[in-house]
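Just below is one structure, and these are the notes that go with it.
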Amino acid sequence: MDNAHILSRIKTRFPAAVLEEKESCGDLHITVEKESFPDLMRFLRDDDQLSFTLLSDIAGVDYNSRTPRFALVYILFSCNENHRLQVIRNVEDGEEIPSVSAIWKSADWAEREIFDLLGIVFSDHPDLRRILTWDNFEGHPLRKDYPLLGKDFDTTFDPDTIIVDKV
């Protein structure tokens, strides 16, 4: 299956969902609008011809001075068709994004990492909490406006002040 067929299949089912499409290194990249995002992602997995059954990663990007500020890049793979697709969803600062962890279980930890490091909140996530920083950590270290040396860089490390949620 080629990229033109994938794009045609998506546009047939969701005519207004694709805002931009491009091809890079043989892979299709589509930017999608937010209204049909959850339904489109489920369609990409469940459609017999597309069958994007593997979510290999989600990458979060902070553009800081751009509106919308963030972008999420979902990297999908079809094991049946041996084809890759990148779905890009632009995100406003403070906007909640529907979780895709009910569609792909592999999204669970990737969404937690993006929540922790960029501060993007995923609605309907089964366990949205910090994953790389401690519970009372202030800020989101991968945001472009986060201080280069950290907020408490000049203070002495005290392990007794770190609060870790015991599971």
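The values are calculated or read from the model by the stated rules, or taken from the named source; none is laboratory data. The shown structure was predicted, so the numbers you read here are calculated from the model rather than taken from an experiment. Using ideal geometry, Cβ is built from the backbone for each residue, glycine included, and neighbour counts are taken over all protein chains shown.
Residue pairs whose Cβ atoms lie under 6 Å apart, separated by 6 or more positions or on different chains, with the first residue in segment 21-42 and aliphatic (A, V, I, L, M) and the second in a loop (DSSP other than H, G, I, E, B) and surrounded by 17 or more Cβ atoms within 10 Å (Cβ to Cβ), are Val32/Ala17; Leu40/Phe14; Leu40/Ala17; Met41/Val100; Met41/Ile103. A Cβ distance below 6 Å, combined with a sequence gap of six or more or placement on separate chains, defines the contacts here; from segment 94-106, residues that are touching a residue at least 40 places away in the same chain (Cβ under 8 Å) and assigned to a loop (DSSP other than H, G, I, E, B) reach residues that are surrounded by 14 or more Cβ atoms within 10 Å (Cβ to Cβ) and not charged (D, E, K, R) in the pairs Val100/Met41; Val100/Ala107; Ile103/Met41; Trp104/Leu55; Ser106/Leu55. Of all residues in segment 124-149, those that are in contact (Cβ under 8 Å) with a residue 60 or more places away in the chain and closer than 19 Å to Ala71 by Cα have Cβ atoms under 8 Å from Cβ atoms of residues that are of a type in the set (Ser, Thr, Tyr) and surrounded by 11 or more Cβ atoms within 10 Å (Cβ to Cβ), 6 or more apart or on another chain, in Lys144/Tyr63.
With respect to (1) touching a Lys or Arg at 6+ places or on another chain (Cβ under 8 Å); (2) surrounded by 19 or more Cβ atoms within 10 Å (Cβ to Cβ); (3) farther than 22 Å from Pro141 by Cβ, the lone exception for Asp116 is condition (3). For segment 5-12, the criterion of being within 26 Å of Asp124 (Cα to Cα) and of a type outside the set (S, T, N, Q) is met by at least one residue. The sole residue among Leu128, Leu117 that is touching a Pro at 6+ places or on another chain (Cβ under 9 Å), at pLDDT 95 or above and over 14 Å from Tyr74 (Cβ atoms) is Leu117. Taken over segment 55-84, the residue count meeting the criterion of being among the hydroxyl-bearing types (Ser, Thr, Tyr), loosely packed, with under 15 Cβ neighbours inside 10 Å and part of a strand (DSSP E or B) is 1.
Restricted to segment 1-44, and to residues there that are aliphatic (A, V, I, L, M) and in a loop (DSSP other than H, G, I, E, B), the residue that is surrounded by the fewest Cβ atoms within 10 Å (Cβ to Cβ) is Ala16.
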